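To start, the structure itself, in structure tokens.
The values are calculated or read from the model by the stated rules, or taken from the named source; none is laboratory data. All values reported here derive from a predicted model rather than from experimental measurement. Using ideal geometry, Cβ is built from the backbone for each residue, glycine included, and neighbour counts are taken over all protein chains shown.
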Amino acid sequence: MKLTFLGGAGEYGRSCFLLEHDHGALLIDCGVMKKKGSFINTYPTLTPSIAKRVSHVLVTHAHEDHTLSLPYLKKLGFTGTVLATSQTIEQTIEYFSKWRQKVETEGDTLPYEKEDEEGLSFEALDDKCTNFWISLTDTVSIMYGRSGHTIGSLWYAVQVDGKTVFFSGDYSLESTLLNYEWPKIGAKPDLAVMDGAYGDFNVTQDTLLEQVMIKLHYALEKRDRVLLQVPLVGKSQELLAAVKHRLLMKGADQIVVEKALYEASKNFGKHSDWLVDHTTAAFFDSLGNGGVTVADSPNEVANGSIGFFTAETLVEKDDWKHDRSTHIISPGPENQELKRMAEVTSIAYSKVMLKVHPGKDETEALLSRLMPKRTVFTHGVRKDVEALVGALHSRTRFLTGEVGVTVEV
Ligand SMILES: [Zn+2]
Ligand SMILES: [Zn+2]
């Protein structure tokens with residue numbers, strides 16, 4: 001086999017890895033670079049010849065940087081099958097239309113047509129069939145398991161002619177919301193392609209959550225009005241569950257959640273088997289008729305209460321900036337416009353951290369289970385990856401991944 005990085009190595013975004021073997025070719029993920037750039041930096045370095053040779057794309061999860069070049073691949077002549085969990089397929093199709101809207105609103109054109117989005121043939125992987133070897137073709141077997149990053153997110157192992165390559169996907173061993181399944185591959189991978197997004201950052205998720213809770217507790221004690229700036233899916237639900245479990249008893253009057261966030265969170269109630277604690281599903285299921293109030297605007301959040309809102313809504317409905325008791329807390333990704341608004345009006349603003357990628361100890365733990373012969377880090381810029389490699393004690397040979405680099409397996 002040989003593995004070529006078409007994107008997502010030595011950089012953060014547009015993950016796309018080409019795995020070629022004597023009998024054909026596969027892709028693992030096919031994403032875009034989300035931050036605005038030229039065409040050449042936004043999409044992976046795909047060609048019509050690659051697109052026609054690939055029989056399957058294994059998609060780890062729905063995030064833009066792993067899926068949004070699929071229609072472009074189709075446009076270039078791909079006629080194969082896209083494999084992912086049913087949850088990932090559902091989310092990916094939503095991301096397609098959001099991306100189309102965003103690009104068109106910005107006055108740019110997409111390098112593919114709507115028919116290419118609709119013409120992709122998806123096949124759902126059974127999420128009960130994890131940690132089993134499954135024959136993909138006569139010569140290729142795959143295995144997958146939950147990766148703790150989103151509902152529906154997977155790691156993959158691919159085996160061809162007795163050689164094994166492991167792809168970690170974006171993963172978290174410490175998510176307090178989503179569960180992780182340790183890979184039971186049964187052989188030491190010849191190559192592990194790992195998530196190196198956070199470099200050598202090494203604070204546990206529990207500590208980070210505790211830091212958030214201290215900040216919230218302090219603000220609530222002053223009877224501030226706390227507005228948490230969160231994305232629609234991801235950290236939002238982990239924080240929501242954590243606030244419910246850890247903080248409510250410490251004196252928040254009310255938890256208020258933006259309508260769209262409420263809808264996205266309710267969805268977590270339907271997927272209890274993806275959650276660390278199955279009882280959390282019941283909490284998400286009962287949102288709205290429990291301790292959580294649904295609101296359209298952050299202005300409905302009273303003093304001594306916590307509101308969960310997206311950056312877009314906080315920027316659009318900005319009456320909060322006239323109230324000095326407001327405290328904005330951002331677990332990231334930060335929104336520069338929101339940050340500036342708070343700065344100009346002297347509203348308290350603080351950034352907190354919550355992980356959705358592995359820290360150094362998580363990387364070490366996974367590597368010591370897998371014991372890969374060679375390891376390459378992706379999803380991070382070179383400086384961060386080098387810091388991580390420098391901090392690790394794992395007995396594996398580290399290779400450097402960059403776009404265009406090919407590794408023989
Ligand atoms: Zn992701
Ligand atoms: Zn990613």
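Here region 1-22 is the region considered, the condition is being within 16 Å of ligand 2 (Cβ to nearest atom), touching a residue at least 60 places away in the same chain (Cβ under 8 Å) and assigned to a strand (DSSP E or B), and the residue that is surrounded by the most Cβ atoms within 10 Å (Cβ to Cβ) is Gly7.
Which one of Arg146, Arg100 is out of contact with any Pro (no Cβ under 8 Å at 6 or more places or on another chain) and within 16 Å of ligand 1 (Cβ to nearest atom)? Spell out how you get there, then give the answer.
On the way: Arg100 fails: within 16 Å of ligand 1 (Cβ to nearest atom).
Unique residue meeting the criteria: Arg146.
Condition first: in contact with a helix residue (DSSP H, G or I) (Cβ under 7 Å, 6 or more places away or on another chain) and modelled with pLDDT of 70 or more. Now tell me which residues in region 244-256 satisfy that. Those that are in contact with a helix residue (DSSP H, G or I) (Cβ under 7 Å, 6 or more places away or on another chain) and modelled with pLDDT of 70 or more: Lys244, Arg246, Ile255, Val256.
Checked against the criterion of being assigned to a loop (DSSP other than H, G, I, E, B), closer than 22 Å to Asn299 by Cα and assigned by TED's automatic domain parsing to the domain that holds Ala281, the candidates Leu239, Leu216, Leu232, Leu228 yield just one match: Leu232. Figure legend. Inter-residue proximity from region 105-132: first residues closer than 30 Å to His271 by Cβ, second residues among the polar types (S, T, N, Q) and surrounded by 12 or more Cβ atoms within 10 Å (Cβ to Cβ), beta-carbon distance below 7 Å, spacing 6+ or different chains. Indicated pairs: Ser121/Thr81; Glu123/Thr81; Ala124/Thr85; Ala124/Ser86; Leu125/Thr85; Asp127/Thr85.
Taking strands (runs of 3 or more DSSP E) as the structural unit, those lying wholly within region 284-330 and holding at least 3 residues that are touching a residue at least 24 places away in the same chain (Cβ under 8 Å) and of a type in the set (A, V, I, L, M) correspond to 292-295.
Might you let me know whether region 183-195 holds any residue that is surrounded by fewer than 24 Cβ atoms within 10 Å (Cβ to Cβ) and within 16 Å of ligand 2 (Cβ to nearest atom)? No, region 183-195 contains no residue that is surrounded by fewer than 24 Cβ atoms within 10 Å (Cβ to Cβ) and within 16 Å of ligand 2 (Cβ to nearest atom).
Does Pro358 meet the test of being at pLDDT below 95, buried (at least 18 other Cβ atoms within 10 Å of the Cβ) and either within 30 Å of Leu232 (Cβ to Cβ) or not assigned by TED's automatic domain parsing to the domain that holds His66 (or both)? No, not satisfied.
In the set Gly162, Gly152, Gly119, Gly145, only one residue is of a type outside the set (Phe, Trp, Tyr), closer than 18 Å to Leu3 by Cβ and not assigned by TED's automatic domain parsing to the domain that holds Gln237; that residue is Gly162. Filtering region 372-387 to residues that are buried (at least 16 other Cβ atoms within 10 Å of the Cβ), within 9 Å of Gly199 (Cα to Cα) and within 16 Å of ligand 2 (Cβ to nearest atom) leaves Gly380, Asp384, Val385. Applying a threshold of 8 Å to beta carbon distances and a minimum spacing of six or more residues, or different chains, the list of pairs starting in region 45-68 at a residue that is over 15 Å from Ser121 (Cα atoms) and away from ligand 1 (no atom under 16 Å from the Cβ) and ending at one that is polar (S, T, N, Q) and part of a loop (DSSP other than H, G, I, E, B) reads Leu46/Ser69. The criterion of being over 17 Å from Ala62 (Cα atoms) and either among the aliphatic types (A, V, I, L, M) or surrounded by fewer than 22 Cβ atoms within 10 Å (Cβ to Cβ) (or both) does not hold for Lys34.
Identify all residues within region 156-179 that are aromatic (Phe, Trp, Tyr) and away from ligand 2 (no atom under 16 Å from the Cβ); write none if there are none. Matches in region 156-179: Phe166 only.
Taken over region 30-64, the residue count meeting the criterion of being modelled with pLDDT of 95 or more, β-branched (Val, Ile, Thr) and more than 15 Å from ligand 2 (Cβ to nearest atom) is 5.
Considered as a group, the residues in region 343-358 that are farther than 20 Å from Gly304 by Cβ and not in a loop (DSSP other than H, G, I, E, B) include one that is nearest to ligand 2 (Cβ to nearest atom), and that residue is Lys351. Listed by position, the helices (runs of 4 or more DSSP H) enclosed by region 60-177 that each have at least 2 residues that are among the aromatic types (Phe, Trp, Tyr) are 86-105.
Mind listing whichever residues of region 74-104 are hydroxyl-bearing (Ser, Thr, Tyr) and within 24 Å of the chain's Cα centre (by Cα)?
If the condition is that a residue be hydroxyl-bearing (Ser, Thr, Tyr) and within 24 Å of the chain's Cα centre (by Cα), then Thr81, Thr85, Ser86, Thr88, Thr92, Tyr95, Ser97 are the ones that fit.
Kindly indicate whether Leu220 is crowded, with 22+ Cβ neighbours inside 10 Å and farther than 24 Å from Asp361 by Cα. Here the answer is no, as Leu220 does not meet what is asked.
Residues checked against (1) at pLDDT 95 or above; (2) within 13 Å of ligand 2 (Cβ to nearest atom):
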| site | (1), (2) |
| --- | --- |
| His66 | yes, yes |
| Tyr72 | yes, no |
| Phe78 | yes, no |
| Val82 | yes, no |
| Ser86 | yes, no |
| Lys98 | no, no |
| Val103 | no, no |
